[in-house]
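To start, the structure itself, in structure tokens.
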Amino acid sequence: MNNLVQLALDMGFSHAVPLDIKTLKADPKVRAMCAADKCGAYGRNWTCPPACGTLEQCAERMSAYTSGILVQTTGELEDSFDVEGMQELEKRHQQNIRKTADALRRTPSDMLCLGSGGCRICEKCAWPEPCRFPEKACLSMEAYGLLVSWVCQENDLPYYYGKDTLTYTACFLFR
């Protein structure tokens, strides 16, 4: 597991720790937040509800994995209104996810990528047409019912790094 943590750090993540799979609890309240569609991806992205499956199906998928790593990209913002800084940090986080996932897919282990928000591989998701890159898609932690701050807390990884910082979180699960 230490090799995977180091790989994630080498790929650009600010923080990475082993993930205790038992801390992944699919919470209906989190899934309900998805249904409120504040992000605009509900029913418009293959990696978000309802396309990603029911909460029960997502919980079952996660339970098939035996280990994982929890990763974060953290950055400093000029202030709490630094939208450009937030967007740049999200872009860097998505790049970190793609680089790490590509490297992990070259290993013999089966891997499930759960990122922050819906998949961002394509500028616009193909939904409802078939996904253009199903083998590369990174599903949403929130879509799987995961309260990200709680998962971080349960794995001894801070979620908040101070004033004018922002952190994006993802995880990679392995069989």
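A few points about this structure:
- Any hit, the stretch 77-96, residues being assigned to a helix (DSSP H, G or I) and of a type in the set (F, W, Y): no
- Restricting C131, C113 to residues that are open to solvent by less than 80 Å² (accessible area, probe 1.4 Å), of a type outside the set (S, T, Y) and within 12 Å of the chain's Cα centre (by Cα) narrows the list to C113.
- If the condition is being open to solvent by 20 Å² or more (accessible area, probe 1.4 Å), polar (S, T, N, Q) and outside any loop (DSSP other than H, G, I, E, B), then the stretch 18-72 contributes Q57, S63, S67.
- Scanning the stretch 1-17 for residues that are surrounded by 15 or more Cβ atoms within 10 Å (Cβ to Cβ) and not aliphatic (A, V, I, L, M) gives G12, F13, S14, H15.
- Hits in the stretch 48-71 - residues which are touching a Cys at 6+ places or on another chain (Cβ under 8 Å) and not aliphatic (A, V, I, L, M): C48, P49, C52, C58, G68
Every residue, every condition in (1) of a type in the set (D, E); (2) more than 21 Å from A41 (Cβ to Cβ), yes or no:
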position: Q87; (1), (2): no, no
position: E135; (1), (2): yes, no
position: G162; (1), (2): no, yes
position: L166; (1), (2): no, no
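- E142 satisfies every condition listed in (1) out of contact with any strand residue (DSSP E or B) (no Cβ under 8 Å at 6 or more places or on another chain); (2) over 16 Å from L24 (Cα atoms) except (2).
- Restricting attention to the stretch 156-175 and to residues that are part of a loop (DSSP other than H, G, I, E, B) and open to solvent by less than 40 Å² (accessible area, probe 1.4 Å), the residue that is farthest from L77 (Cα to Cα) turns out to be L157.
- Total residues in the stretch 96-110, condition open to solvent by less than 80 Å² (accessible area, probe 1.4 Å) and either touching a residue at least 40 places away in the same chain (Cβ under 8 Å) or basic (K, R) (or both): 8
The values are calculated or read from the model by the stated rules, or taken from the named source; none is laboratory data. As the structure is a computational prediction, the values presented were derived from the model and not from experiment. Quick reminder, even Gly has a Cβ in these numbers, built from the backbone with ideal geometry, and neighbours come from all protein chains shown. Accessible surface is based on the protein model in full, side chains and every heavy atom, while ligands, DNA and RNA are left aside. Shrake-Rupley method; radii C 1.70, N 1.55, O 1.52, S 1.80 Å.
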